[in-house]
1. Which number in (1) outside any helix (DSSP H, G or I); (2) buried (at least 16 other Cβ atoms within 10 Å of the Cβ) marks the one condition that residue 39 misses?
2. Restricting attention to segment 7-16, does a residue exist that is in contact (Cβ under 8 Å) with a residue 60 or more places away in the chain and more than 15 Å from residue 67 (Cα to Cα)?
3. Just one of (1) closer than 21 Å to residue 72 by Cα; (2) of a type in the set (Ser, Thr, Tyr); (3) touching a helix residue (DSSP H, G or I) at 6+ places or on another chain (Cβ under 8 Å) trips up residue 6, so point out which.
4. Considering segment 17-63 alone, what residues qualify as being touching a Ser or Thr at 6+ places or on another chain (Cβ under 9 Å), among the aliphatic types (A, V, I, L, M) and within 18 Å of residue 1 (Cα to Cα)?
5. Residues to consider are 75, 15; find the one that is surrounded by 12 or more Cβ atoms within 10 Å (Cβ to Cβ) and either assigned to a strand (DSSP E or B) or not aliphatic (A, V, I, L, M) (or both).
6. Hey, any hits in segment 51-59 for a residue that's free of Cβ contacts under 8 Å to residues at least 40 places away in the same chain and of a type in the set (Val, Ile, Thr)?
7. Could you tell me whether segment 55-63 includes any residue that is among the aliphatic types (A, V, I, L, M) and either at pLDDT 95 or above or outside any helix (DSSP H, G or I) (or both)?
8. Mind checking whether some residue in segment 23-30 is more than 13 Å from the chain's Cα centre (by Cα) and not in a helix (DSSP H, G or I)?
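The values are calculated or read from the model by the stated rules, or taken from the named source; none is laboratory data. The shown structure was predicted, so the numbers you read here are calculated from the model rather than taken from an experiment. Here Cβ is always computed from backbone atoms with ideal geometry, including for glycine, and neighbour counts include all displayed protein chains.
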Amino acid sequence: MIALEYAPSFLRQLGKLPPALQQETLEKVRLFKDKKNHRQLEVHKLKGKLKEKWSFSVNYSYRVVFKWLPNKSAGLLTVGDHDIYK
């Protein structure tokens, strides 16, 4: 299982989502902890100014951006629609 760290910005953005989307996001985060689910979640490396970051899908519109940490854990940075890539 992958250990997770939550950035304050991630927690703030999660709290602003509608309750159903919050629950969906938390379920996908739970799935993300097991690497077997990474293909299903469409985990992928980002490009451009976010080239050191990765992302996975919550649903068709929403994504979670994270970074791999030196201790093989992941730091969840932000959650939102595709505008988070800008």
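1. Looking at each condition in turn, residue 39 falls short on (2).
2. Checking segment 7-16: at least one residue is in contact (Cβ under 8 Å) with a residue 60 or more places away in the chain and more than 15 Å from residue 67 (Cα to Cα).
3. (3)
4. Matches in segment 17-63: 41, 43.
5. Exactly one residue qualifies, and that residue is 75.
6. yes
7. Yes, segment 55-63 has at least one match.
8. No, the conditions are met nowhere in segment 23-30.
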